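The next block holds one structure in the form of structure tokens; read it before the comments.
Just so it is clear, none of the values below were taken in a lab; they were calculated from the coordinates. Given the structure is predicted, the values throughout are model-derived calculations rather than measurements. Glycine gets a Cβ as well: all are built from the backbone with ideal geometry, and neighbour counts include every protein chain shown.
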Amino acid sequence: MTFDALKSVEGLQEAGIPEPHAKAQVRLLQEVIESDLATKRDLEELRKAMAHDLNELRQATKLDLKELELRLTIKLGSIVVVVIGLLVALSKLKIL
């Protein structure tokens, strides 16, 4: 977005605003535009940073899921061992 200060001052003067007031208003508007609006470069930097953060989050999530899968596999294996042990013990006691 480009802001033509001279054109803005002239437009305000044509609308009946005295030149010193018009210049003051345009200076204030320029300060607001320059300080508060994001530029294309700002947005591109933000996009890159967010893409990087998202990629890191994906990697961390993959690692967390692999760790969780391993823990669940170990727990399931433990349960299977306990159940087999119970079945063997019950069969020796002739309960089954």
Degrees separating the helix 40-92 axis from the principal Cα axis of the chain, which is the longest one: 10 degrees
Set of lysines near K75 by C-alpha distance (under 17 Å), chain-local residues within fewer than 8 positions excluded: K66
Pairs of alpha carbons in the range 39-96 whose separation is greater than 19 Å (percent): 62 percent
Whichever lysines have a C-alpha closer than 30 Å to that of K7, once near sequence neighbours (fewer than 8 apart) are set aside: K23, K40
Residue exposure sequence - S91, S35 - by fewest surrounding Cβ within 10 Å: S35, S91
